[in-house]
Amino acid sequence: MKRMLRTLALAAALTAAFAITAFADGWTMENGQWTYYDNGYRVTNDWRISADRNYYYLGSNGYMVTNAFVDDERYVDADGKMVTEAWRQIDGKWYYFDSNGQLIKNRSRQINGLWYYFDYDGSMMTGWVDDGGSLYYCDPEAGGRMVTSTWRYITPPEEYIMDDEDDGPFSTDGKYWFYFLSTGKVCKSEGYGQYRQMVINNNRYAFDYIGRMQVGWVKVEDTNPVIAGYRYYNDSDAIGVYGAAHQGWLSAYPPEGEGYLGNVEWYYFDAKGQPYYGSDVSEGDDDETLEAKFKRLEKNGKVESYLFNEYGNPVYGLRKVRKSNGTVTSMYFGNRQECCLQKGDRSITDAEGNTYTFYFDSQGYGYTGVKNGKLYYMGLLQKATDSSYAYYTVNGTTYLVNRSGNIRKNYNSNKEEAEFKSDSEGRWVSGAWAEPSELLTPAFEVSYI
């Protein structure tokens, strides 16, 4: 019935526009089909407009064509009318025709506020689309709509996976997170082994050459020290937004393949996910000391000063540093669990079980000089070891100290030929024949910062 009504409506439209006379110019019904005459000749392989302001196509036999492509560019529907600004599903595929009736081919097109991509034959594409290296995704579950300004958890295009070299993030189901820009392009780097960093909703992410969101350690550049070129992206919701650059403290294994020991270490990451780090310094060289630069950071509810080494870890134990004025001294950063700057009096035990007394000033530097009646050098308390007394020279002045480290004042061990003699300040007195001892230096100097 609907078909009959459409045919009658078309007939009425054509008849209203043209007087139907056999072989007269205009539209004519012949053998139950519409034809068009011009100057007395039947029009073939050409378009003609009717009173309804729509175009119709006359085939090679002069009859109006229906339900068919014309020149692979346009399409006429069941009434013969050229399809314009409309979708049509033909042989199971979707096509869109513009205002001129032309098929949209081999490009993207915004339709009713949504973007779609069309293949070389004009059929709407779904899934991944590779346009000269730019990747798009047309969601088959959303009617082929191109994904824009949002995330998708999907399988990457197979032709982009390098099976023999792939070092992308781990996946148990072959799917990864991708982010698509407002243009529909997937956010990805320029090439294999490179990473694109981008801020999305106030979080920073990294994407590889396919566009897969990265998690864990990612080496974004070559640097010295090596750790400076790494960023860390959350690999668990428990430590922050999944995939976002980690900020703050994190206990983690170091990056693989860089020669680091495989122990879990503490790291502190800035807003870009870069770990704090110190300088690359050769161990065992007494002259290889650096100016101490600290970070005051909060940890476990307390704000403390931390110093990081070339591996990105906060240092612990006794360390040798160079102050801004050029003098060399020591600092103490507690045990491995504390790893923060210590001040004041400290008892430090070395690996052999020997305990030493140190004093560190309000800035954490090992004190050199006299403090509370005791003599210190680079923070270490100077005291007699081989006999009851010993002379030590600090800052150009020689002092007499006992086994407890106290400065011995007004002392004369033998009035005639004194081995040890000191004045009222505990300083060496002329006539004492004992030689100054070598200064006790900070114990277990095993690394420098």
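Against the numbered list (1) in a loop (DSSP other than H, G, I, E, B); (2) under 43 Å from the mean Cα position of the chain (by Cα); (3) surrounded by 15 or more Cβ atoms within 10 Å (Cβ to Cβ), THR66 comes up short only at (2). Checking LYS93, LYS105 one by one, the residue that is basic (Lys, Arg) and either loosely packed, with under 12 Cβ neighbours inside 10 Å or touching a residue at least 24 places away in the same chain (Cβ under 8 Å) (or both) is LYS93 and no other. Those residues that are β-branched (Val, Ile, Thr), surrounded by 16 or more Cβ atoms within 10 Å (Cβ to Cβ), out of contact with any helix residue (DSSP H, G or I) (no Cβ under 7 Å at 6 or more places or on another chain) and farther than 10 Å from PHE180 by Cβ, I need them from region 122-158; list them, please. The answer is VAL129, ILE154.
The set of residues in region 76-124 being small (Gly, Ala, Ser), in a strand (DSSP E or B) and over 39 Å from the mean Cα position of the chain (by Cα) consists of ALA86 alone. Against the criterion of being open to solvent by 30 Å² or more (accessible area, probe 1.4 Å) and farther than 24 Å from TRP94 by Cα, PHE178 does not qualify. Just one of the numbered conditions (1) open to solvent by less than 10 Å² (accessible area, probe 1.4 Å); (2) within 12 Å of the chain's Cα centre (by Cα) is not true of TYR195: (1). Residue count for region 338-354 under the criterion of being free of Cβ contacts under 8 Å to residues at least 12 places away in the same chain and either within 43 Å of the chain's Cα centre (by Cα) or open to solvent by 80 Å² or more (accessible area, probe 1.4 Å) (or both): the result is 3. The number of residues in region 55-114 that are of a type in the set (A, V, I, L, M) and either out of contact with any Phe, Trp or Tyr (no Cβ under 6 Å at 6 or more places or on another chain) or within 21 Å of MET146 (Cα to Cα) (or both) comes to 8. Taking the criterion of being within 13 Å of TYR332 (Cβ to Cβ) and open to solvent by 50 Å² or more (accessible area, probe 1.4 Å), the residues of region 358-379 that qualify are GLN363, TYR367. Of the residues making up region 136-152, those that are at pLDDT 95 or above, over 20 Å from ILE90 (Cβ atoms) and of a type outside the set (Val, Ile, Thr) are TYR136, TYR137, ASP139, MET146, SER149, TRP151, ARG152.
If you take the residues of region 326-337 that are open to solvent by 20 Å² or more (accessible area, probe 1.4 Å) and part of a loop (DSSP other than H, G, I, E, B), which of them is nearest to TYR365 (Cα to Cα)? Residue satisfying both the conditions and the ranking: THR327. Taken over region 281-297, residues that are at pLDDT 50 or above and within 19 Å of GLU265 (Cβ to Cβ) amount to 3. Of the residues making up region 37-63, those that are open to solvent by less than 30 Å² (accessible area, probe 1.4 Å) and not in a loop (DSSP other than H, G, I, E, B) are TYR37, TYR56, TYR57, LEU58.
Inspection of region 177-185 finds no residue satisfying the criterion of being small (Gly, Ala, Ser) and either in contact with a helix residue (DSSP H, G or I) (Cβ under 9 Å, 6 or more places away or on another chain) or free of Cβ contacts under 8 Å to residues at least 24 places away in the same chain (or both).
The values are calculated or read from the model by the stated rules, or taken from the named source; none is laboratory data. Since we're looking at a predicted model, the values are computed, not measured. Neighbour counts are summed over all protein chains in view; Cβ atoms, including those assigned to glycine, are modelled from backbone coordinates with ideal geometry. Surface areas here come from the heavy atoms of the whole protein model, side chains and all, with no ligands, DNA or RNA. Shrake-Rupley method; radii C 1.70, N 1.55, O 1.52, S 1.80 Å.
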